1. Ordered by residue, what ³J(HN,Hα) values in Hz, to whole numbers, does the range 89-101 give under the Karplus form 6.51 cos²θ - 1.76 cosθ + 1.60, where θ = phi - 60° and Gly and Pro are x?
2. 7 Å from Cα along Cα→Cβ at both Trp388 and Ala317: what's the point-to-point distance in nm?
3. For Lys111, give me every one of the lysines with a C-alpha distance below 19 angstrom, ignoring sequence neighbours fewer than eight places off in its own chain.
4. By count of other Cβ within 10 Å, fewest leading, how are Tyr377, Tyr429 ordered?
5. Sort Lys315, Lys193 so the one with the fewest other Cβ atoms within 10 Å of its own Cβ comes first.
6. At a 10 angstrom cut-off on C-beta neighbours, averaged per residue, how do the peptides 247-260, 269-282, 224-237 rank from highest to lowest?
7. Where the only charges are on Cβ atoms (+1 Lys, Arg; -1 Asp, Glu), what is the dipole of the chain about its Cα centre, to the nearest 20 debye?
8. More than 21 angstrom separation, counting every C-alpha pair in the range 215-333; what % is that?
Amino acid sequence: MQTSQVKALSTKLIWRFSLFNIILFVALIIWLWQETEAVSVIQPQLPADGKLQCVSYSPYYNPGQTPLNPNSFIQPAQIDHDLSVLSKQFNCVRIYSVSQGLGYVPEAASKLGMQVYLGAWIGWVSANNDKELDLAISIANRYPETVKALIVGNEVLLRGEQSEAAMQGYLLKAQQLTEVPVTYADVWEFWRKHPQLESDVDFVTVHILPYWEDDPQAIGQATQHVVNVMGLLKETFKKPILIGETGWPSVGRQRQVSEPSLINQASYLRGFLQLAHDNGWQYNLIEAIDQPWKRDLEGTVGGYWGIYDTELTPKFAFSGDVQPRNDVGIIVLAGLLGFALLIGLAFYFQVGDKYFKLGLSAAGTVFGISVWLQTQYLISACRNVLEWATLGGFALVGWLTVITLVVYVCQSNKRYLLILKICALILVYAAISATALLIIDGRYRDFPISLFALPVLQLSFASILLGVEVRMKRVFAYVLSVVLVMAALYSVYLEAYNISAYCWLMLSGLLALALLPKHQLSTH
């Protein structure tokens with residue numbers, strides 16, 4: 001583009017382009033600064049050796065490992081390695097089954113001086129249940145000093161896979177054939193619905209997960225919620241109570257006011273540990289290691305309850321400040337690459353206006369950082385080839401949208417405008433589809449805000465403030481806009497206390513505005 005053309009454009013539009021992108025850059029830097037700043041979190045009173053009571057251990061964290069595949073087998077060497085790491089932080093592990101190689105866990109734990117809550121998985125099929133329980137009883141009898149208790153069934157009543165009478169039968173069998181304590185584990189509400197099971201166990205094992213409650217708890221009220229629940233349970237049951245699961249996810253979709261994050265995970269677990277110390281609670285945390293396979297059942301959030309990541313690196317310590325992010329170097333590199341890309345376009349199109357270059361520099365840096373943040377989202381959210389193709393495709397369309405918009409501002413070529421229109425149409429269809437899924441099956445689905453934020457902001461800005469008309473046909477644009485906004489409004493209705501729903505509504509509204517005829521919105 002000739003310098004004279006840039007000057008002509010700059011008198012009306014370039015200052016808007018530059019100012020808008022500088023504001024985006026500053027806002028992003030402020031957010032990142034907050035995200036990378038170490039946070040002071042409650043310091044719980046820990047035992048003298050620093051070790052915690054117990055943690056749920058599932059060794060299915062490597063690619064392809066899943067308890068859902070009956071042919072998946074965990075090698076003893078992996079269990080030895082895992083427990084050698086966990087033994088430095090915990091005195092005990094809880095397992096949920098003795099199948100697929102997990103029957104070796106008590107032997108491995110005994111070598112390290114650890115104890116085990118041994119689980120027998122009870123499901124739909126009686127023959128499988130009998131086989132599982134017989135093996136668990138045999139292992140418990142073989143390692144009576146290591147097996148702290150035999151947990152017969154996990155949330156079986158919650159899933160509706162067996163009746164209360166059937167569970168009483170399994171528990172009675174375990175009581176008769178082993179000397180170790182016997183218990184059953186379920187969410188606290190179902191224990192209160194089946195209080196008579198208390199007579200069949202040596203102690204009551206309850207799950208208290210504030211994130212998964214029917215009334216999700218905000219992080220500020222989560223530990224008080226545990227106190228309240230324990231008060232109710234002590235009124236109902238006379239036998240000792242083990243909190244068999246409690247924890248908080250570090251990544252995933254927000255449920256009403258209950259928001260996953262590393263800081264919230266650290267805050268909850270540390271706060272809970274202090275309460276456990278003060279009240280003398282027996283507990284088992286969930287869980288030791290992130291479980292990628294759980295994303296197939298529970299969406300993104302299911303894979304990120306671990307205190308350790310899949311490399312067995314602790315996400316945070318139980319003392320000192322907590323660092324929310326540790327990828328500053330990659331963020332800087334991504335920003336520099338984005339900056340280089342758009343400044344390279346400026347030189348290619350012979351942009352001479354210094355304010356325009358400043359705007360391009362800001363836009364490029366924001367673009368590069370956004371690409372990295374979107375890549376992180378894709379890694380955490382995508383579970384299979386189809387999701388990588390669809391969500392990854394949306395991300396690519398978003399990247400193309402931003403780059404094409406910059407090129408169009410530089411050159412005002414109709415070819416680039418056509419590409420922008422196509423990108424806008426794809427993004428609208430993608431947003432409508434995503435919103436429909438959130439409405440139909442929203443419990444385990446993420447709001448894909450990070451994939452849409454930058455392209456939608458840039459498109460709406462270009463339409464409203466630069467007069468770039470990205471709509472296709474007038475009536476078609478109106479229909480798509482109304483459908484998108486109404487669907488987003490309904491998602492807010494479903495989750496009125498979820499800030500993510502309001503952010504999604506805002507993006508949907510901006511995307512709808514971008515489709516409207518420019519003569520109604522342009523400031524020319």
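1. Values per residue, Gly and Pro as x: 10, 10, 8, 7, 10, 10, 10, 10, 7, 10, 8, 6, x Hz.
2. 3.7
3. By straight Cα distance, Lys111 reaches Lys51, Lys88, Lys148.
4. Sorted ascending by nearby Cβ count, the order is Tyr429, Tyr377.
5. Lys193, Lys315
6. Descending packing order for the listed peptides: 247-260, 269-282, 224-237.
7. Numbers: 36 positive and 40 negative charges, 533 e Å.
The calculation lands at about 2560 debye.
8. 44
Just so you know, all these numbers are worked out from the coordinates, no wet-lab data involved. Keep in mind the model is a prediction, meaning the values are calculated, not measured. So basically every Cβ, Gly included, is an ideal-geometry build from the backbone, and we count neighbours across all protein chains shown.
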